[in-house]
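Before any comments, here is the structure.
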Amino acid sequence: MEKVVVVDFGSQYAHLIARRIRELRVYSEIIPYSAAKDVLDGEGIRGIVLSGGPRSVCEEGSPKIDRDFLESALSRGIPILGICYGHQLLAYVMGGRVERGPRGEYGISKLEVLEEDEIFRGLPRVQEVWMSHRDLVVELPDGFEVLASTECCAIAAYKCESAPMYGVQFHPEVVHTRYGKEILRNFLYSICGCSGNWVVEDLALRKMEEIRERAGEGNVLMAASGGVDSTTAAYLIGKALGFDRIHLVVIDTGLLREGEAEGAAEMLRRLGFSNVHLVDASDLFLERLRGITDPEEKRRVIASTYVEVLMAKARELEELYGDFRYLGQGTIYPDRIESGRAGSGSAKIKSHHNVVLSEALGLELLEPLLDLYKDEVRRLARSLGLPEEVIKRHPFPGPGLAIRIVGEVTREKLDVLRRVDRIVEEEMKKSGYYDKVWQAFPVLLPFKTVGVMGDERTYRYAVALRIVVSEDAMTAEFAKLPWELLEKISSRIVNEVLEVNRVLYDLTNKPPATIEFE
């Protein structure tokens with residue numbers, strides 16, 4: 001199978017590069033820069049992309065590859081594309097000069113194409129690109145020529161005249177680069193000669209082969225929620241190893257939506273899982289959350305309690321079925337980024353309990369979705385024949401409604417939020433907008449407001465509606481919904497949920513806000 005390898009130098013965008021390549025029907029995988037030499041021994045490699053990174057190539061100890069690696073790849077007919085740090089590194093290793101710029105260049109810049117090479121074939125001579133750098137290539141190696149520049153960056157793109165080696169200072173993988181996907185397409189098809197015959201069904205087969213190689217014998221334990229991530233991961237593991245080897249534990253934390261735990265367990269049984277175990281731990285979770293208002297502390301308490309409940313159930317199951325050797329998880333790439341688990345370049349934004357689980361149970365991990373984004377998981381789920389109700393379901397956080405209640409979590413607040421949530425979901429589905437947005441949900445705010453209903457003064461809860469559109473949850477914009485729809489949702493909430501008298505609409509994008517409130 002043909003593939004393009006992304007060499008990662010610590011960039012949070014490395015996985016986005018691989019994702020864009022897969023979108024263009026070419027299989028892509030990521031390797032750390034320390035293992036770059038090994039990749040040349042692989043079969044079917046059509047191209048190599050060097051990612052961005054947080055370091056400076058001039059800095060002692062910064063991640064590097066040597067000239068022998070580059071020349072060896074080129075001698076085998078493998079084209080190379082350097083992006084941002086990779087652009088600087090290519091020039092530096094081949095004998096060019098990189099220096100700290102007088103000022104940084106961040107955000108949208110105007111790129112002027114000076115020489116129309118294959119990589120810019122068919123694209124405008126002036127185009128918008130996304131820059132994020134301070135260092136600059138100030139002198140090219142012998143035998144290289146400038147292809148494009150910006151106001152702040154004279155060498156914004158270059159190529160080697162005698163070999164298929166390219167560098168671009170900007171990020172073609174992000175949506176803010178207007179023709180970024182076309183630039184990558186030119187690299188893949190015109191320069192690397194890819195045929196573009198990879199489809200998502202191939203990924204399912206590849207993932208199942210990887211699971212079989214790693215888990216020859218032994219039972220698999222997995223916490224399941226009924227969401228697309230955990231369901232798809234569980235289904236891949238079940239198809240690879242046999243559905244009788246995987247034990248799915250659905251934990252009712254008391255923080256789920258109406259009937260969610262029971263519905264998830266029933267759906268999983270319909271899919272053919274023979275070992276589905278439903279655990280009601282709602283009282284324990286609510287007791288542990290009493291008095292806690294800090295959002296990160298909520299996540300820590302929920303995560304530790306989740307592990308405790310899962311471990312207790314695992315010990316019980318081991319007496320009946322034998323020891324577990326593996327822990328299955330539906331972890332996807334944005335979970336790893338926000339938990340600071342994706343590499344040296346990523347910072348921790350918030351804890352995800354599916355990531356914390358791996359640190360506590362001491363089992364070997366099976367995470368078939370580790371490098372995928374949510375929309376890729378959905379396409380994979382559809383190729384596996386999973387139900388549309390699972391595929392189209394909006395993302396729901398592991399800590400559940402606890403992080404959609406700002407402040408202390410109580411039974412009363414959960415009851416109010418569940419009723420509001422049901423109304424929001426019903427109206428979004430009726431209007432047809434449910435499938436057009438990434439997420440739509442209410443948040444119970446930590447204060448009450450004065451209102452008037454039936455000529456009487458009221459003092460009741462306020463809720464905020466959070467409805468966003470996104471491609472991969474790494475960034476998101478608030479949804480510009482019709483006022484008539486928002487008015488209908490608001491009217492139903494204040495009329496049907498007596499504890500609420502005010503509805504607000506969140507107009508904040510991500511960044512600077514996260515999608516969830518806590």
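The values are calculated or read from the model by the stated rules, or taken from the named source; none is laboratory data. These numbers were taken from a predicted model, which means no experiment stands behind them. Here the Cβ positions follow ideal geometry from the backbone for every residue, glycine too, while neighbour counts run over all protein chains shown. Only protein heavy atoms, including side chains, enter the accessible area calculation; ligands, DNA and RNA are left aside. Shrake-Rupley method; radii C 1.70, N 1.55, O 1.52, S 1.80 Å.
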Modelled FRET efficiency - R0 41 Å, Arg134 with Leu40, Cβ distances, 0.05 increments
0.85
Magnitude of the charge dipole, the stretch 122-264, Cβ model with Lys/Arg +1 and Asp/Glu -1, debye to 20:
220
Tell me, in nm to one decimal, what length is gained between Leu278 and Val469 on full extension, where the rule is 0.36 nm per residue of separation less the Cα-Cα distance?
65.5 nm
For the stretch 369-475, with all protein chains present and a 1.4 Å probe, just round the carbon and sulfur fraction of the accessible area to a whole percent.
49
Computed accessible area, Lys64, all protein chains, 1.4 angstrom probe, square angstrom
70
Highest mean packing first, using Cβ neighbours within 10 angstrom, the peptides 243-249, 173-179 sort as 243-249, 173-179
Taking 0.36 nm per residue of separation and subtracting the Cα-Cα distance, what length does fully extending Cys58 through Leu486 add?
148.8 nm
What distance in nm lies between label points placed 7 Å from Cα along the C-beta direction at Glu456 and Thr514?
4.0
Ile251 - accessible surface, heavy atoms, 1.4 Å probe, Å² rounded to 10:
10
Per DSSP helix of 4 or more residues, -39500 (n - 2.57); summed, then divided by the residues of the chain. What does that give at 222 nm, rounded to the nearest 500?
-10000 deg cm²/dmol
Protein-only accessible surface order, largest first, of Val469, Val307 at 1.4 Å:
Val469, Val307
Rounded to 10°, Cα long-axis angle of helix 411-431 versus longest principal axis of the chain:
60
Output the pairs from Lys413/Lys510; Lys37/Lys239; Lys207/Lys298; Lys429/Lys480 with a Cα-Cα distance over 24 Å in this structure; if there are none, say none.
Lys413/Lys510; Lys37/Lys239; Lys207/Lys298
Stretched fully, the stretch from Ser72 through Met311 gains (0.36 nm per residue minus C-alpha distance, one decimal, in nm) 81.1 nm
Run the quick spin-label model on Ile31 and Lys448: label points 7 Å from Cα toward the beta carbon, then report their separation in nm to one decimal.
6.3
Kindly rank 146-155, 54-63 from highest to lowest mean number of other beta carbons found within 10 Å of each residue.
146-155, 54-63
Surface per residue (accessible, 1.4 Å probe) for the chain, Å²
42
Rounded to the nearest 0.05, what FRET efficiency do Lys430 and Leu123 give with R0 = 45 Å and r taken as the Cβ-Cβ distance? Could you check?
0.60
Where the only charges are on Cβ atoms (+1 Lys, Arg; -1 Asp, Glu), what is the dipole of the chain about its Cα centre, to the nearest 20 debye?
840
For the chain the mean separation of alpha carbon contacts under 8 Å (6+ apart) over residue count, i.e. relative contact order in percent, is 10
About the Cα centre, and with charges only on the beta carbon of Lys, Arg (+1) and Asp, Glu (-1), how big is the dipole of the stretch 376-518? Nearest 20 debye, please.
120
Between Glu258 and Arg290, what FRET efficiency comes out of the Förster formula 1/(1 + (r/R0)^6) with R0 = 25 Å and r the beta carbon distance, rounded to 0.05?
0.65
Inter-probe distance in nm under a simple model that places probes 7 Å from Cα toward Cβ, at Asp244 and Arg270:
2.5
Portion, in percent, of the accessible area of the stretch 123-194 that falls on carbon or sulfur, probe 1.4 Å:
43
